[in-house]
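Read through the structure below, which is laid out as structure tokens, and then see the notes.
The values are calculated or read from the model by the stated rules, or taken from the named source; none is laboratory data. All values derive from a computational prediction rather than experimental measurement. Cβ coordinates were reconstructed from backbone atoms using ideal geometry, including for glycine residues, and neighbour counts include every protein chain displayed.
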Amino acid sequence: MTIEQLRDRFVEKGLTLGSVESFTGGLFARTITEVSGASKYYKGGLVTYATEEKQRILKIKPELIEQYGVVSKEIAFQMANNAKHLLNVDVCVSFTGNAGPDAMEGKPVGEVYIGVIYQGICEVFKKNLKGNRGEIQQQAVEFALETIWHNI
């Protein structure tokens, strides 16, 4: 699957896409918008890198973050769900995790959670990726693109 094929499928189905990123820092949005015609289906994205921005922009409750940590299935779910409504899109993807170089919240480098919400169903995938920071980010984006492709 190429980004052009993904674009064409979204356009053909009349669907819109949005994203909310943390550890990927906008890499997903950049990947989508590197191909012409992205504006036909990609409405936009948010980078909520800091915990306080997840709370302020995405309205994620501090208690939830305290209970599970930002690197968690629960926060990936909240990010995807809340951003879907905020961006008013059909499909929304979220990224939260630890790209390194050090453990975070007691979770190892490479532990990431990717949420995809479509047709009212949000699936969150836990991945344990290997590599340096950039490689972990790239692998997460590639996984999300493939997941979206197979689910729409």
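Looking at 123, 105, which is the one that is out of contact with any Lys or Arg (no Cβ under 7 Å at 6 or more places or on another chain), of a type in the set (Asp, Glu) and modelled with pLDDT of 95 or more?
Values: 105 fails: modelled with pLDDT of 95 or more.
Result: 123 is the single residue among 123, 105 that is out of contact with any Lys or Arg (no Cβ under 7 Å at 6 or more places or on another chain), of a type in the set (Asp, Glu) and modelled with pLDDT of 95 or more.
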Pairs returned, first residue in region 52-65 that is without any contact (Cβ under 8 Å) to a residue 40 or more places away in the chain, second residue that is part of a loop (DSSP other than H, G, I, E, B) and of a type in the set (D, E, K, R), beta-carbon separation under 8 angstrom, 6 or more apart or interchain, are 55/61
(1) small (Gly, Ala, Ser); (2) more than 24 Å from residue 11 (Cα to Cα); (3) modelled with pLDDT under 95 all hold for residue 110 apart from (3)
Of the residues in region 118-152, those that are β-branched (Val, Ile, Thr) and either closer than 25 Å to residue 8 by Cβ or part of a loop (DSSP other than H, G, I, E, B) (or both) come to 121, 141, 147, 148, 152
Of the listed residues (97, 18, 69), the one being more than 16 Å from residue 148 (Cα to Cα), touching a strand residue (DSSP E or B) at 6+ places or on another chain (Cβ under 6 Å) and crowded, with 16+ Cβ neighbours inside 10 Å is 97
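Of the residues 13, 40, 84, 54, which single one is surrounded by 14 or more Cβ atoms within 10 Å (Cβ to Cβ), within 21 Å of residue 152 (Cα to Cα) and not aromatic (Phe, Trp, Tyr)? Write out each step before concluding.
Details: 13 fails: surrounded by 14 or more Cβ atoms within 10 Å (Cβ to Cβ); 40 fails: surrounded by 14 or more Cβ atoms within 10 Å (Cβ to Cβ); 54 fails: within 21 Å of residue 152 (Cα to Cα).
Going through 13, 40, 84, 54 in turn, just one is surrounded by 14 or more Cβ atoms within 10 Å (Cβ to Cβ), within 21 Å of residue 152 (Cα to Cα) and not aromatic (Phe, Trp, Tyr): 84.
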How many residues of region 100-141 are within 16 Å of residue 17 (Cβ to Cβ), surrounded by 14 or more Cβ atoms within 10 Å (Cβ to Cβ) and more than 11 Å from the chain's Cα centre (by Cα)? The answer is 3
Scanning region 1-36 for residues that are under 18 Å from the mean Cα position of the chain (by Cα), in contact (Cβ under 8 Å) with a residue 60 or more places away in the chain and assigned to a helix (DSSP H, G or I), the one nearest to residue 114 (Cα to Cα) turns out to be 28
In region 21-34, residues that are of a type in the set (Phe, Trp, Tyr) and crowded, with 24+ Cβ neighbours inside 10 Å total 1
Residue 108: passes all of (1) in contact with a strand residue (DSSP E or B) (Cβ under 9 Å, 6 or more places away or on another chain); (2) without any contact (Cβ under 8 Å) to a residue 12 or more places away in the chain; (3) farther than 22 Å from residue 29 by Cβ but (2)
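When you scan region 43-64, do you find a residue that is on the phi > 0 side of the Ramachandran plot and either modelled with pLDDT under 95 or touching a His at 6+ places or on another chain (Cβ under 7 Å) (or both), even just one? If you could, list the steps in order and put the result at the bottom.
Kept after step one, since they are on the phi > 0 side of the Ramachandran plot, are these residues of region 43-64: 44, 59.
Among the residues that remain, those that are also either modelled with pLDDT under 95 or touching a His at 6+ places or on another chain (Cβ under 7 Å) (or both) are: none.
Among the residues of region 43-64, not one is on the phi > 0 side of the Ramachandran plot and either modelled with pLDDT under 95 or touching a His at 6+ places or on another chain (Cβ under 7 Å) (or both), which makes the answer no.
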